[in-house]
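Peer 1: Would you mind keeping the following structure in view while I ask a few things?
The values are calculated or read from the model by the stated rules, or taken from the named source; none is laboratory data. For clarity, every value in this text was computed on a predicted model and none was experimentally measured. Glycine also receives a Cβ, built like all others from the backbone with ideal geometry; neighbour counts cover every protein chain displayed.
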């Protein structure tokens with residue numbers, strides 16, 4: 001069997017249903033096989049979008065997303081998408097063509113050292129030099145991508161390896177001696193954590209994306225209810241715990257709710273689960289939660305005590321650890337006073353925006369989207385103000401319904417990610433909340449949507465600015481709006497030119513109708529919502545401040 | 001503070017690049033690095049001396065190294081009874097008349113005189129860090145023309 005065919009057979013063995021990609025000279029044998037393979041291939045218009053779409057597919061399903069590109073520029077275009085997946089621990093397998101093995105290192109046409117370039121942004125990568133290794137490598141790649149702390153894996157396959165012949169032998173088992181993730185927490189550490197919880201007076205759960213990866217939402221709810229403790233979520237954790245649950249304080253950090261940040265700062269025990277104390281969450285690190293002991297549950301030992309010293313580390317899968325921990329807590333802490341304090345904080349520092357005025361407030365658009373969308377709707381976001389408003393004002397209650405580039409903050413992510421999510425769930429609504437800036441970073445994917453009938457709905461919160469940077473310039477650079485006021489095309493015409501539907505909204509009273517219309521049309525729809533141009537995201541913790549030193553956000 | 005960390009790694013191309021890339025990407029310092037094959041041809045042994053300002057950085061270095069798929073074992077010699085050695089090759093200026101003086105100083109050290117040239121002696125010396133420091137100081141009195149060191153290697157007791 002030819003190498004290219006072996007690749008396809010291996011993808012089928014790994015249960016791959018869809019591949020996002022773009023052809024080129026060094027992947028011709030693979031594309032020749034794809035021509036009649038029982039795999040859905042989505043031809044994107046820029047390789048970056050292939051990686052983001054595979055990523056969106058993975059975030060929506062929990063399965064490994066697959067993208068494919070040619071050597072050289074095809075592969076380098078993937079890198080932003082690979083880095084995005086790496087920062088957010090998303091399982092994708094990126095397959096790239098490479099020049100013939102005898103040309104590697106010779107500066108051949110469309111040659112780039114792709115394993116070299118991708119080394120710091122992948123969990124692992126491979127250059128296949130011998131066709132006999134191909135099935136083993138593919139099997140290992142999917143295994144590494146999807147287990148432990150997930151992440152992207154790249155396989156670089158020279159074109160002559162794709163053409164060579166060998167027997168198809170699927171390895172029965174995987175044995176990677178340097179890779180043995182820890183799934184079960186240490187019983188002694190779990191006992192210790194249970195004791196700390198019993199003794200605590202002001203415990204708080206700090207939930208990150210690891211809970212979604214692990215599928216531990218149910219256990220987090222059980223733990224929170226059992227010990228009657230408030231819950232805060234990271235951006236990546238949104239969806240892991242229902243926002244409308246009475247113990248939920250929403251998102252914490254730079255644009256978190258003020259009551260979440262105050263509660264964290266006042267707590268005496270932080271139970272961190274699948275979260276990594278990122279700088280956008282902790283603010284000034286030496287001022288973070290000064291009276292709190294910290295229990296940290298994470299599958300990646302290197303996440304523990306990286307940014308902040310942890311009192312009780314528990315390395316393991318969140319779900320497994322939580323099941324044991326919930327059992328182990330015999331004496332419940334008395335948190336009634338603490339819950340009262342938290343309730344007071346909620347009343348004192350509510351999440352608000354000014355509802356008066358004639359213009360369209362972006363927060364209002366998000367609220368109405370939440371009111372009108374079905375419960376299982378998947379929201380993806382671009383990066384910047386649109387992302388923060390989508391995080392603050394939409395009430396997520398189901399894991400994997402909020403898809404956003406958290407760690408890397410990649411503009412241009414949300415639209416192709418929505419394509420991946422919609423391909424995974426054609427029967428569910430998928431909405432991309434975008435900004436006018438970031439939407440233009442992968443606007444060409446309108447063609448992909450139209451050609452493949454991928455009916456995603458994009459809501460552009462159009463303020464004519466690169467809004468988040470403009471906000472920082474307003475607050476910290478004396479309103480010197482250096483290159484943040486942008487020229488936009490007519491998005492309705494652009495949508496129509498691609499064969500999609502465009503809707504423009506300029507008045508507040510048109511918002512609801514536009515949402516209803518967009519959600520009812522069986523086509524890709526771009527809704528160009530002209531929002532108040534200088535609306536800011538509040539509250540906000542200025543960079544380097546303690547997280548209870550928030551500005552703005554008072555009614 | 002300096003720490004000796006040894007790694008057993010897969011003997012594959014690109015592994016050294018992964019390790020050195022990790023150090024540069026995360027801003028850690030390597031003061032020396034020695035790589036060799038082991039009795040098992042599928043693995044290599046790397047001994048590195050790293051500079052970590054505190055315990056937390058050292059812990060992070062070990063955890064990050066462990067995370068690499070091609071790293072099989074990480075051994076930290078900081079709290080382990082161990083013997084460490086380094087090998088030095090040195091060219092010192094030495095006229096024929098001073099040779100006896102040099103030899104008598106060298107008695108203190110584990111060494112071989114590899115070559116005696118007209119006004120130069122090439123010496124191989126092994127020792128721990130203290131001994132090497134003393135040795136180099138002693139050789140300076142003659143004049144060092146060239147000096148190469150292997151980097152430290154260590155073995156547990």
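Peer 1: May I ask you to say which residue of A:193, A:145 is in a helix (DSSP H, G or I), within 14 Å of another protein chain (Cβ to nearest Cβ) and in contact (Cβ under 8 Å) with a residue 40 or more places away in the chain?
Peer 2: So the residue among A:193, A:145 that is in a helix (DSSP H, G or I), within 14 Å of another protein chain (Cβ to nearest Cβ) and in contact (Cβ under 8 Å) with a residue 40 or more places away in the chain is A:145.
Peer 1: Whether any residue in region B:46-54 is closer than 27 Å to residue A:141 by Cβ and more than 9 Å from chain A (Cβ to nearest Cβ) is what I want to check.
Peer 2: Yes: one or more hits.
Peer 1: Starting from residues that are touching a residue at least 24 places away in the same chain (Cβ under 8 Å) and either within 14 Å of chain B (Cβ to nearest Cβ) or at positive phi (or both), keep the ones in region A:159-176 and report whichever is surrounded by the fewest Cβ atoms within 10 Å (Cβ to Cβ).
Peer 2: The qualifying residue surrounded by the fewest Cβ atoms within 10 Å (Cβ to Cβ) is A:174.
Peer 1: Residue under question is residue A:80, and the condition is that it be farther than 22 Å from residue A:140 by Cα, touching a residue at least 40 places away in the same chain (Cβ under 8 Å), more than 20 Å from the chain's Cα centre (by Cα) and in the same structural domain as residue A:110 (by TED's automatic domain parsing); does it hold?
Peer 2: Taking the combined requirement at face value, the residue does not satisfy it.
Peer 1: Additional query: If we only count strands (runs of 3 or more DSSP E) wholly inside region B:38-157, which ones have 3 or more residues that are without any contact (Cβ under 8 Å) to a residue 24 or more places away in the chain and either within 30 Å of residue A:179 (Cα to Cα) or touching a strand residue (DSSP E or B) at 6+ places or on another chain (Cβ under 8 Å) (or both)?
Peer 2: Where strands (runs of 3 or more DSSP E) fall fully within region B:38-157 and carry at least 3 residues being without any contact (Cβ under 8 Å) to a residue 24 or more places away in the chain and either within 30 Å of residue A:179 (Cα to Cα) or touching a strand residue (DSSP E or B) at 6+ places or on another chain (Cβ under 8 Å) (or both), they are B:110-116.
Peer 1: Within region A:288-310, track down each residue that is part of a loop (DSSP other than H, G, I, E, B) and within 14 Å of chain B (Cβ to nearest Cβ).
Peer 2: Result: A:299, A:300, A:304, A:305, A:306, A:307, A:308, A:309, A:310.
Peer 1: Do you know which residues across region A:16-64 are in a strand (DSSP E or B), touching a residue at least 60 places away in the same chain (Cβ under 8 Å) and more than 18 Å from residue A:138 (Cα to Cα)?
Peer 2: Of everything in region A:16-64, those that are in a strand (DSSP E or B), touching a residue at least 60 places away in the same chain (Cβ under 8 Å) and more than 18 Å from residue A:138 (Cα to Cα) turn out to be A:40, A:42, A:43.
Peer 1: What number of residues within region A:95-139 are assigned to a helix (DSSP H, G or I), within 12 Å of chain B (Cβ to nearest Cβ) and farther than 18 Å from residue A:68 by Cβ?
Peer 2: Total satisfying the criteria: 4.
For (1) surrounded by 18 or more Cβ atoms within 10 Å (Cβ to Cβ); (2) within 14 Å of chain A (Cβ to nearest Cβ); (3) over 30 Å from residue B:139 (Cα atoms), each residue gets a yes or a no:
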site: B:16; (1), (2), (3): no, yes, yes
site: B:19; (1), (2), (3): yes, yes, yes
site: B:24; (1), (2), (3): no, yes, yes
site: B:36; (1), (2), (3): no, no, no
site: B:61; (1), (2), (3): yes, yes, yes
site: B:69; (1), (2), (3): yes, yes, yes
site: B:79; (1), (2), (3): no, no, yes
site: B:101; (1), (2), (3): no, no, no
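Peer 1: Could you run through region A:177-190 and say how many residues are more than 14 Å from chain B (Cβ to nearest Cβ) and either part of a loop (DSSP other than H, G, I, E, B) or closer than 18 Å to residue A:272 by Cβ (or both)?
Peer 2: Number of matching residues: 6.
Peer 1: Hey, among B:5, B:90, which residue is closer than 29 Å to residue A:150 by Cα, crowded, with 19+ Cβ neighbours inside 10 Å and away from every other protein chain (no Cβ under 14 Å)?
Peer 2: Selected residue: B:5, the only one of B:5, B:90 that is closer than 29 Å to residue A:150 by Cα, crowded, with 19+ Cβ neighbours inside 10 Å and away from every other protein chain (no Cβ under 14 Å).
Peer 1: Going through region A:516-555 one residue at a time, which ones are surrounded by fewer than 17 Cβ atoms within 10 Å (Cβ to Cβ) and in a strand (DSSP E or B)?
Peer 2: Passing the criteria: only A:551.
Peer 1: Just for region A:501-515: of the residues that are touching a strand residue (DSSP E or B) at 6+ places or on another chain (Cβ under 8 Å) and in a helix (DSSP H, G or I), which one is nearest to residue A:463 (Cα to Cα)?
Peer 2: Of everything passing the filter in region A:501-515, A:511 is nearest to residue A:463 (Cα to Cα).
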